[in-house]
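Take a look at the structure below.
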There are 4 protein chains.
Amino acid sequence: MAENGARRIRLGMVGGGTGAFIGAVHRIAARIDGDYELVAGALSSNPETAMESGKNLRLAEDRIYTSYEDMAAKESARPDGIEAVAIVTPNHVHFGPAKTFLEAGIHVICDKPVTSTLEDARALAEVQPKNGAKFLLTHNYTGFPLVRQARELVASGALGKLRVVQVEYPQEWLTEATDPDNKQAAWRTDPKRSGAGGAIGDIGTHAYNLARFVTGLTTEAVSADLQSFVPGRELDDNVHILLRFEGGARGMLWASQVAVGNENGLQLRVYGDKGGLEWRQDNPNYMWFTEFGKPKQLLTRGGSISAPPAASMNVRIPAGHPEGYLEAFATLYSQFAQVIRGEGDDVAPLLPSLADGIEGLEFIMAAVASSKADGKWTRLSDV
Amino acid sequence: MAENGARRIRLGMVGGGTGAFIGAVHRIAARIDGDYELVAGALSSNPETAMESGKNLRLAEDRIYTSYEDMAAKESARPDGIEAVAIVTPNHVHFGPAKTFLEAGIHVICDKPVTSTLEDARALAEVQPKNGAKFLLTHNYTGFPLVRQARELVASGALGKLRVVQVEYPQEWLTEATDPDNKQAAWRTDPKRSGAGGAIGDIGTHAYNLARFVTGLTTEAVSADLQSFVPGRELDDNVHILLRFEGGARGMLWASQVAVGNENGLQLRVYGDKGGLEWRQDNPNYMWFTEFGKPKQLLTRGGSISAPPAASMNVRIPAGHPEGYLEAFATLYSQFAQVIRGEGDDVAPLLPSLADGIEGLEFIMAAVASSKADGKWTRLSDV
Amino acid sequence: MAENGARRIRLGMVGGGTGAFIGAVHRIAARIDGDYELVAGALSSNPETAMESGKNLRLAEDRIYTSYEDMAAKESARPDGIEAVAIVTPNHVHFGPAKTFLEAGIHVICDKPVTSTLEDARALAEVQPKNGAKFLLTHNYTGFPLVRQARELVASGALGKLRVVQVEYPQEWLTEATDPDNKQAAWRTDPKRSGAGGAIGDIGTHAYNLARFVTGLTTEAVSADLQSFVPGRELDDNVHILLRFEGGARGMLWASQVAVGNENGLQLRVYGDKGGLEWRQDNPNYMWFTEFGKPKQLLTRGGSISAPPAASMNVRIPAGHPEGYLEAFATLYSQFAQVIRGEGDDVAPLLPSLADGIEGLEFIMAAVASSKADGKWTRLSDV
Amino acid sequence: MAENGARRIRLGMVGGGTGAFIGAVHRIAARIDGDYELVAGALSSNPETAMESGKNLRLAEDRIYTSYEDMAAKESARPDGIEAVAIVTPNHVHFGPAKTFLEAGIHVICDKPVTSTLEDARALAEVQPKNGAKFLLTHNYTGFPLVRQARELVASGALGKLRVVQVEYPQEWLTEATDPDNKQAAWRTDPKRSGAGGAIGDIGTHAYNLARFVTGLTTEAVSADLQSFVPGRELDDNVHILLRFEGGARGMLWASQVAVGNENGLQLRVYGDKGGLEWRQDNPNYMWFTEFGKPKQLLTRGGSISAPPAASMNVRIPAGHPEGYLEAFATLYSQFAQVIRGEGDDVAPLLPSLADGIEGLEFIMAAVASSKADGKWTRLSDV
């Protein structure tokens, strides 16, 4: 948290004009710990929206842009130009800005999925970032303190050799046919803007990434059964996937946008030969941890247990006072700021990277391919 | 509940000698509502154990048997002979007694699975019961009042057209290699006594039966991945299965005996295009019910909602006072007594039958076959 | 549990005719473990109801009585007469039968409160039971396994010196004016039949007894504020009480019949200088236990912890399978049977006694007196 | 939320130097919605700490002060001086700064309790703020969206006429004698710095304020029993209070710093003759709401129910994604910014005021007086 005298990092934003959801989330995340100052934006491709949105955010008029290319060129030419940019456009407009800003030597914070196609993601990996520009993918759930603690518990051997991973992300919001006026729903159910996956791309990858982040297991293959339940929907809205990991662990992944009664029911459960743990996003300040043969323990965020180092946990308030989604998101921003300043060697391994983004797309592609092949076990490397 | 003056049904028991688990459960279930009187038993194949166990249960000495064949022959010859028999032996000793007693005209209450092989189960269906002797399979979880209510909610259309079924039964008790002195664990992990399936047969079938009972969906095919995590274990101890139902609904089933932190975590979640419901066995007096677009409701056993007819619910005490596993079990016994007395036409369709038992074995066999074929989608009718 | 060959105890019942609630509960409790056989009854003062109810329960016609005096006289004269009697009448008809049967040398199982007035309770203590007849008061919540375990945890010093006791029993069922046709509600809200207290007598005493049973603390004084919220109601329907215990611990007790959303929310929380525990009746197979400075632990009925001796816990089925209200009730019956047989020395101290009943009435009287005196701290011994 | 182009309000801070808890919370709260810019501070009375803390917060050196008087004088003389100040010192250093800044025409955001004595609080009410300077008391729990919704539900009549209020705030952190090196604990247990109350002042007032905010009931009198359980502790660490409200509703309030197993267990339950609601701070995105005779409903923050106007709720992210303590705190800051800008007429009634602060101290004084008078019912106006 930048209450250590460090200068604020000058931030730009691509997308996130008035009315957008995730752009506002990124801005709050950037503000919480005080590490960034938003000074420029290509907030919309619509010039009027771009200008209005920029003024609402108190940007100087000459730093309100209508194209990201323009912003990259002009900002990199200014002595007080942006040092980092947040990309919060729909999926199909991730690749272009990401490539452009990295090549301009500007650090990139990119919403997930990294791109809308695997090809783009792999192409992005070939980009030569100027001046060592860094990349952060906002798989935000990895920022929750107890998710970090879960990862450390697994790594410490407290669960023993892992056997079973159960991860799920049920939602209900797309239970009915999408209202075309619902901007959030419209692009997410449109293959052109969202990419090859529906639920699997929007939330399945979050679930997958969370499981990978906590367990550290390497995926061997997936067997998938994808469905589109709502008539007329082109993309999947419910996803059933079996997982095989190297070393023998197995898993199940369920993601759904049609599970009535679930708002954002992201849940991870991991079992090894010595212990188990269970965590839910909708009450994220608590985590069950069980050592075989002993009672279940309810770990709390920052509570009474030998916790991981403060740096990795980034707990802001005492145990029993709930932190939430925005704080977890803010931790990614705050720790990426440490990395940018060259002080983040200890936290860098915790931050979702371009490699995670590529793997996320491989996961999507492998699942889609498996489902088309009637559930054939498919390796991520085969897509 | 037989507080209506009806005579008690004379009951015998096969298996369930001192120290056995499920035999004692059956006896409590038989006593709770007062419909049965235990008067004879072939409680053990060991004569001394049989005698001691029988005396402990206050049986007359001449009605303590050491073989079920002997018991069937002698009891059916007595004017006051048993009218029904409870079979609570290990799985491989279900078929023989079931066939024998049905052919002797004695009603059979059989613990699940109905037999240890599918062939036996199908053979049992060919038996001609004498005098219309009836058969009850104690898939006891179907006796929970809220499970009954869930079934009626689905049947009433409150959930709309079903889409997704998530069912799981995680346990932890076989996390480590089985102690040979643990009688319960020993036969359950021995293919000779348990049958072709481990976790899938012991608890996976309960989960499957519960899902079928509540949803009424017909299974089309399964794709399975079975594991034996504990070194040296011959049978599966963790089961991941994808389900396809006729009409398009899909499901996932997880059963595990190595999920540390779970005692008996049977859970069913069902989602349709209008609503969803969620129920857990370990706190069975509560059920979530959500109509799309409205807040979640917490239904309680016997609580404030237009509930199904009392006959089907069989609630014994007011809402807020917990009933449990034994009462659910007792409901099967009590309603089977109604059937035996010729007064159970309304409840008979709710009672697990031989057909359910056969389907359970088909499910096991199909899952085992699918797993061996690397997850190939397999129809129940193909095994 | 009487699966040890012991003879069944011959039981009679006073009250509990067809339609009554608590009588049916007592009968199930008597049946669950098989220690009793119901053979006689004065089930109703209405001869027709008595006869019909008796036949429904398969009693011999000559053992269906219309007065408890008659039953006491005739049964004590029979060689096969009842050995114990269950009194399940409204509160004002507890004293007469209890006195009569004790004096006839018949063991008494009496629903709480022991009598409707403190004078009667104290008079009952003066009765000389013939042949050492025993008395059991069915404060049934003390029969829950985890309540027993809580008591042992406190006694073992695991919580250290006790400081704070929070106990509550909220219900909602009397939120509106009582329907005169609701038999259960009618007598409970009638001072003539219920005694001096409403909510305090019906459920407040349960809460008080539970707190006393678990903590072992001796009450010093109470300060009460009793309310009757429903217009026209003569008895209290909401009770706020502060407690002072000898040795310095303090407590709060809340009982309510007008707390919308609560069915039977009995909850006990106890805190000492080393630890704390929390238990709820509506999910009674789980209890929180915290040692200061360590994570909360979720203890389960019969689960992974060094539990008290099996005798005192009386667990019937494995952890994770829920037991409930009826099993807790049955434990009192079963262990009283042990006492009757002279085999219950270890469990006798766990069974609610006449002394507990007298203290319960002292508690009611002291609270009523305190409330009338504007909350004056009142000793139990002062009433 | 100031993403509407409005200028940021220039903020100063008194207290909150490096290592302080609540100062950091205020700063995050001020940042989240982007309405404030921290530009000056008298962060510590220790000059070195003040300077170091100020630099850490990137303050210009000439705006790092060592006394609040100096800051008030110099800032009010600058054209770009602070417009508002946050007072986050220990309780006994609230009055001085509050008076000084109000008289300097600078808006005041003051941590609770408003002052350490009732006299001071009343004196503060006599202060003539220059230029209409406003006052905000950060009773932060009133900022939770569901607390706002609870208040609107009550006001709408959804609960009917209120009867019972149960509010509690148990903590465990002062279970043992205070470590003198624990800065947070030290001043809170020191009468000189904390004021007349311990637990009652630190957390009891939060509970009281929450109950008043949601119910709108006017307190008639209190009857209290305060304890200091830890040997040597001068202030209360456990508080039992009975409440009487005008119109007949009654309540109980429990606050404790010695309840092992509770981190910050603030809980409010309110019952009327038509409905009830229940909310907990440690999982604040959910609230139970029950209409009598219907199933309990689980309301979610921003979820499926006709919610209050967005302005009053101030929900930042979709239902199912948890918001927490910091967002609730930020809502007070953000809405106070609206008030400062003259755009907050609709939200002003929701913001805790000086009057609330005075009532909080009256509540503390009345409870202390009642406890000393052995629980005598005491009116707030009598102290």
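Values quoted throughout were computed directly from the atomic coordinates according to the rules given, and no laboratory measurement underlies them. Keep in mind the model is a prediction, meaning the values are calculated, not measured. Glycine also receives a Cβ, built like all others from the backbone with ideal geometry; neighbour counts cover every protein chain displayed.
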Quiz prompt | Nm distances between copies for B:Lys192, ranked from closest, using label points 7 Å along Cα→Cβ | solution = 6.8, 7.4, 8.3
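Over chain A, what is the relative contact order in whole percent, taking alpha-carbon pairs under 8 Å and six or more residues apart?
Working: 865 pairs, mean separation 70.4, N = 383.
It rounds to 18 percent for chain A.
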Quiz item: Can you sort B:Ile203, C:Ile106, A:Ile364 by how many other beta carbons sit within 10 Å, fewest first?
Solution: B:Ile203, C:Ile106, A:Ile364
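Which loop-located trypsin sites (Lys or Arg not before Pro) does the stretch C:1-63 contain, where loop means any DSSP state but H, G, I, E or B and the Cβ has at most 15 other Cβ atoms within 10 Å? Write down the numbers at each step before the final one.
Values: sites: C:Arg7, C:Arg8, C:Arg10, C:Arg27, C:Arg31, C:Lys55, C:Arg58, C:Arg63; in loops: C:Arg7, C:Arg8, C:Arg58.
Hits after loop and neighbour filter: C:Arg7.
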Quiz item: Do the alpha carbons of any pairs in C:Lys112/C:Lys192; A:Lys161/B:Lys192; A:Lys183/B:Lys294; C:Lys376/D:Lys372 sit beyond 18 Å of each other, and which pairs?
Solution: A:Lys161/B:Lys192; A:Lys183/B:Lys294
Quiz prompt | Cβ-vector label at 7 Å, A:Asn4, separations to other copies in nm | solution = 3.8, 6.7, 7.7
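Using only atoms on other chains, find how many Cβ atoms lie within 10 Å of each Cβ of peptide B:285-296 and report the average. Provide the component values of the computation, followed by the final result.
Values: counts 6, 3, 1, 3, 3, 8, 3, 8, 6, 6, 13, 13.
Taking the mean over all residues of the peptide, I get 6.
Within 10 Å of each Cβ in A:322-334, how many Cβ atoms from other chains are there, averaged over the peptide?
Values: counts 15, 6, 12, 10, 10, 8, 2, 2, 4, 0, 0, 0, 0.
Going residue by residue through A:322-334 and averaging, the value is 5.
Relative contact order of the stretch D:204-362, please, whole-number percent, based on alpha carbon pairs below 8 angstrom and at least 6 residues apart. Spell out each step's value before the answer.
On the way: 201 pairs, mean separation 20.9, N = 159.
For the stretch D:204-362, the relative contact order is 13 percent.
Please report the net charge: other residues with Cβ closer than 13 Å to the Cβ of C:Arg63, K and R +1, D and E -1.
Working: positive: C:Arg10, C:Lys55, C:Arg58, C:Lys74, C:Arg78; negative: C:Glu37, C:Glu61, C:Asp62, C:Asp70, C:Glu75, C:Asp80.
Result for the neighbourhood of C:Arg63: -1.
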Exercise. In nm to one decimal, list the spacings between the C:Asp374 label point and its equivalents in the other copies, with label points set 7 Å along Cα to Cβ, shortest first.
Key: 1.3, 8.6, 8.7
Quiz item: Can you give the convex hull volume per residue for the Cα atoms of the stretch B:9-133, as a whole number of Å³?
Solution: 95
Exercise. Just add up the charged neighbours of A:Leu226: K/R +1, D/E -1, any other residue whose Cβ is under 14 Å from the Cβ of A:Leu226.
Key: 0
Practice problem: Obtain the nm distance between the two label points defined at C:Glu119 and C:Lys161 by a simple spin-label model: each point lies 7 Å from its Cα along the Cα-to-C-beta direction. | Solution: 4.3
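Against the 2.2 N^0.38 Å scaling, with N counting residues, where does chain C land? I'd like the Cα-based Rg ratio to two decimal places.
Details: Rg = 20.5 Å, N = 383, 2.2 N^0.38 = 21.1 Å.
Its radius of gyration relative to the 2.2 N^0.38 Å reference: 0.97.
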Quiz item: Peptide D:270-278: average number of partner chain Cβ atoms within 10 Å per residue?
Solution: 5
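For the stretch A:9-133, give the magnitude of the charge dipole about the Cα centre (Cβ charges: +1 Lys/Arg, -1 Asp/Glu; no others), in debye to the nearest 20. Show your work: numbers first, answer last.
Values: 12 positive and 17 negative charges, 33 e Å.
For the stretch A:9-133, the charge dipole is close to 160 debye.
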Quiz prompt | Beta carbon of chain B nearest to the axis of the rotation taking B to D, residue and angstrom distance | solution = B:Gln297, 3
Exercise. Take the alpha carbon atoms of the stretch C:205-270, find their center, do the same for the stretch A:209-242, and report the distance between the two centers in whole angstrom.
Key: 52
Self-check item: Cα centroid separation, the stretch A:144-165 to the stretch B:310-378 (Å)
Solution: 38
